[in-house]
Amino acid sequence: MFDVCIVGGGAAGLMLARSLPRSYKIAVLTKAAPSVSNTALAQGGIAASLHSADSADVHASDTIKATAGHADTGRVEMLTREGASAIRQLMEDGLPYDKTDSGEPLLGMEGAHSVRRILHSGGDQTGKVLMDFLMKETEKRIQTFNYHQVLELLVDDNKCTGLMASDSSGQRKIIHARHTVLATGGIGALYSHTSNSPVAEGDGLSLAYRAGAVLEDLEFIQFHPTVLNIDGTSAGLVSEAVRGEGALLVNNRGHSIMDGFHPLKELAPRDIVSRAIEWHWQREGPVYLDARHIPDFHVKFPAIHQNCRLHGLNPSADLLPVRPGAHFHMGGVKTDDKGATTIKRLYAIGEIASTGVHGANRLASNSLLEAIVFAKRLAGLIAQLPAEAGESDVPAIQQLPSGRSLPAVTLPYPGPKRLKMTQDVGILRNKQQLQDFIRENPLPPDLEVKNASNEAVAHHHRQTACTLMAMASLYREESRGAHFRTDFPAPSADWQGKTIAISKNGIFTEHREILSKETV
Ligand code: SIN
């Protein structure tokens, strides 16, 4: 059997593969081509205290302030402390990064950071550069299964032993593994407005839920303020780093829309900027990003420049129409501080995990950092666990009889479904919308995967993920961070320090240790 089977080939999955012992037999499954992931699209960079004027404590304090009083503060402190040394190590190991003329890391600014601490590679192509680096480092150590859809996790007596997957021809197989890791990324592709890659469909949420794991914080969905909006359609992210360089948010008369919303204006926490933009769109009309005054835009932001030009816009001469889009899921599969879920031998890392470090609102550029730090921690945990008797006799792959190979086609989640998510489980929610959504899209009943088509299984997973997010959003009767209820528009002391956990056993609240006083 494989030592480790990793579902997902983004930063978290590949960093784990890189950090595991060299002798390990590792499988990595991706739903599409290996280069297709949210990591590859990450423009912002990696936040880490690399400068003498900064420290892990200041980074932790900025993170905690942004998380709206909902972060696990002990884990945030661990993230920023271990993160700084993990990033320094990657830089020493050859990760390319942008430098000043004197050879120091060129650190950028983003919303709610109190100092410049964002490390970039290739300007706005940090994610792609990181992916290329990790793919090169791991290619000889892993067995890849690209274009593979995971249909279900195999769990017996609360212990995961692998998974069932299908390739793109519909041929199904069982992959047996000592350890199974969900690194499936986020949920943005379930929304019509998103910055995410089409593969980010929340599969990991549903796979884990069906297997019996506990999920938490599902109501906390971050909407990125500035997704390019061309004729009502999302057309790629315009990084917050552009606002960090001074770009302004204006209405169609050229007036700032952030005046009066927050003292930090364009660099206020993301949830606040997103709500300001969305309110403006709904009441007054389009919002634009004015980056015309930024010198050398095409040099600082080559990928954004190229994408704008593709859509007939020149950031140095034109206003860029922007609207918020689903960007990052703070919640996910509940894990401990090393990535272990509530099911033995099943783990979650990266965006699919709920580690508590992002609270109700993730600080910009903390996601790649989280992926790297928790992948390393998980590698350390797995390497310590000895193989159990009889494991080496189990075959790594078992092809299923071809009679079970049902049609493979999986079409994208239908547009009307995604629009409904944007409207009802979006930036502004209320009880009526959420109840209607759940009534029209109830949690699907258990599915006999072996007798269902791949298309039916994919649909089942997407619908499960959407409905679970709506259920958690309905349950939390307050507004906090990225979760904004128009019928409960303020944070409530009753909800402070409470997380919403969901499993097959139901929906319940749990206590989270919030030690810091620096909460919103
Ligand atoms: C951005 O570049 O604005 C996105 C970075 C992030 O979400 O951390």
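The values are calculated or read from the model by the stated rules, or taken from the named source; none is laboratory data. Being a predicted model, the structure only gives us computed values, none of them experimental. Heads up, the Cβs are rebuilt from the backbone with ideal geometry, glycines too, and the neighbour counts pull from every protein chain shown.
Inclusion of residue 127 among residues that are within 16 Å of the ligand (Cβ to nearest atom) and assigned to a loop (DSSP other than H, G, I, E, B) is not warranted. Within segment 366-380, residues that are more than 15 Å from residue 88 (Cα to Cα) and within 10 Å of the ligand (Cβ to nearest atom) have Cβ atoms under 9 Å from residues that are part of a helix (DSSP H, G or I) and of a type in the set (Gly, Ala, Ser) in these pairs: 366/66; 366/83; 367/11; 367/350, counting only partners at least 6 apart in sequence or on another chain. Within segment 413-447, if we keep just the residues that are at pLDDT 95 or above and of a type in the set (Asp, Glu), the residue that is surrounded by the most Cβ atoms within 10 Å (Cβ to Cβ) turns out to be 424. The C-beta contact set for segment 103-130 (first residue closer than 17 Å to residue 88 by Cβ and free of Cβ contacts under 8 Å to residues at least 60 places away in the same chain, second residue in a helix (DSSP H, G or I) and away from the ligand (no atom under 11 Å from the Cβ), distance under 8 angstrom, 6+ apart or interchain) comprises 105/91.
Can you name the residue in segment 212-264 that is among the charged types (D, E, K, R) and in a helix (DSSP H, G or I) and, of all such residues, is nearest to the ligand (Cβ to nearest atom)?
First, the residues of segment 212-264 that are among the charged types (D, E, K, R): 216-217, 219, 231, 240, 243, 245, 253, 259.
If we keep only those that are in a helix (DSSP H, G or I) as well, we get 240, 243.
Working: 240: 3, 243: 8 Å.
That would be 240.
If you check residue 122 against the conditions, is it within 15 Å of the ligand (Cβ to nearest atom) and surrounded by fewer than 21 Cβ atoms within 10 Å (Cβ to Cβ)? When the stated conditions are applied, residue 122 passes them. Counted as qualifying within segment 393-485 are the helices (runs of 4 or more DSSP H) with 3 or more residues that are touching a Phe, Trp or Tyr at 6+ places or on another chain (Cβ under 8 Å), namely 415-424, 454-475.
Rundown of residues vs (1) away from the ligand (no atom under 16 Å from the Cβ); (2) surrounded by fewer than 24 Cβ atoms within 10 Å (Cβ to Cβ), yes/no style:
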{"residue": "2", "(1), (2)": "yes, yes"}
{"residue": "7", "(1), (2)": "yes, no"}
{"residue": "28", "(1), (2)": "yes, no"}
{"residue": "40", "(1), (2)": "no, yes"}
{"residue": "46", "(1), (2)": "no, no"}
{"residue": "52", "(1), (2)": "yes, yes"}
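Would you check if there is a residue in segment 127-142 being modelled with pLDDT of 95 or more, among the small types (Gly, Ala, Ser) and either buried (at least 21 other Cβ atoms within 10 Å of the Cβ) or within 19 Å of the chain's Cα centre (by Cα) (or both)? No, segment 127-142 contains no residue that is modelled with pLDDT of 95 or more, among the small types (Gly, Ala, Ser) and either buried (at least 21 other Cβ atoms within 10 Å of the Cβ) or within 19 Å of the chain's Cα centre (by Cα) (or both). Please determine, by comparing only the residues of segment 457-505 that are crowded, with 23+ Cβ neighbours inside 10 Å and charged (D, E, K, R), which one is farthest from residue 271 (Cα to Cα). Among them, the one singled out is 462.
Output yes when any residue across segment 195-209 is surrounded by 24 or more Cβ atoms within 10 Å (Cβ to Cβ), touching a Lys or Arg at 6+ places or on another chain (Cβ under 8 Å), modelled with pLDDT of 95 or more and assigned to a strand (DSSP E or B), and no when none is. Checked against the condition, which is being surrounded by 24 or more Cβ atoms within 10 Å (Cβ to Cβ), touching a Lys or Arg at 6+ places or on another chain (Cβ under 8 Å), modelled with pLDDT of 95 or more and assigned to a strand (DSSP E or B), segment 195-209 yields no hits at all.
Residues of segment 425-435 being closer than 15 Å to residue 463 by Cα and under 20 Å from the mean Cα position of the chain (by Cα), which ones? Scanning segment 425-435 gives a single hit, 425. Only one entry of 385, 346 meets the criterion of being in contact with a Cys (Cβ under 6 Å, 6 or more places away or on another chain) and touching a residue at least 24 places away in the same chain (Cβ under 8 Å), and that entry is 346.
Which one is surrounded by the fewest Cβ atoms within 10 Å (Cβ to Cβ) among residues in segment 282-335 that are within 16 Å of the ligand (Cβ to nearest atom) and without any contact (Cβ under 8 Å) to a residue 12 or more places away in the chain? In this case the residue turns out to be 306. Remark: pairs (first residue in segment 133-149, over 22 Å from residue 168 (Cβ atoms); second residue aromatic (Phe, Trp, Tyr); Cβ separation under 8 Å; 6+ apart in sequence or on different chains) = 141/24.
Restricting attention to helices (runs of 4 or more DSSP H) lying wholly within segment 23-108, give those where 3 or more residues are aliphatic (A, V, I, L, M). If you could, list the steps in order and put the result at the bottom.
Values: elements: 38-41, 56-66, 73-92.
Per the criteria, 56-66, 73-92.
The criterion of being of a type in the set (A, V, I, L, M, F, W, C) and over 30 Å from residue 500 (Cβ atoms) holds for residue 40. Pairs are defined by a Cβ separation below 6 Å, a sequence spacing of at least 6 or placement on different chains, a first member in segment 179-205 that is of a type in the set (Phe, Trp, Tyr), and a second member that is within 16 Å of the ligand (Cβ to nearest atom); the pairs so defined are 191/326.
Which of the residues spanning segment 17-29 are closer than 17 Å to residue 153 by Cβ and out of contact with any Phe, Trp or Tyr (no Cβ under 6 Å at 6 or more places or on another chain)?
Taking segment 17-29 and keeping what is closer than 17 Å to residue 153 by Cβ, we get 27-29.
28, the sole residue that qualifies.
Just to check your reading of the model, which residue among 270, 253 is more than 30 Å from residue 155 (Cβ to Cβ) and surrounded by fewer than 22 Cβ atoms within 10 Å (Cβ to Cβ)? It would help to see each step written out before you state the result.
Details: 270 fails: surrounded by fewer than 22 Cβ atoms within 10 Å (Cβ to Cβ).
Exactly one of 270, 253 is more than 30 Å from residue 155 (Cβ to Cβ) and surrounded by fewer than 22 Cβ atoms within 10 Å (Cβ to Cβ), namely 253.
Just give me the residues in segment 172-192 being polar (S, T, N, Q), buried (at least 24 other Cβ atoms within 10 Å of the Cβ) and more than 19 Å from residue 394 (Cα to Cα), in sequence order. Spell out how you get there, then give the answer.
Taking segment 172-192 and keeping what is polar (S, T, N, Q), we get 180, 184, 192.
Next, from what is left, pick out any that are buried (at least 24 other Cβ atoms within 10 Å of the Cβ): 180, 184.
Correct list: 184 only.
Here residue 66 meets each of (1) out of contact with any Leu (no Cβ under 6 Å at 6 or more places or on another chain); (2) within 16 Å of the ligand (Cβ to nearest atom); (3) among the aliphatic types (A, V, I, L, M); (4) over 22 Å from residue 378 (Cα atoms) with one exception, condition (1).
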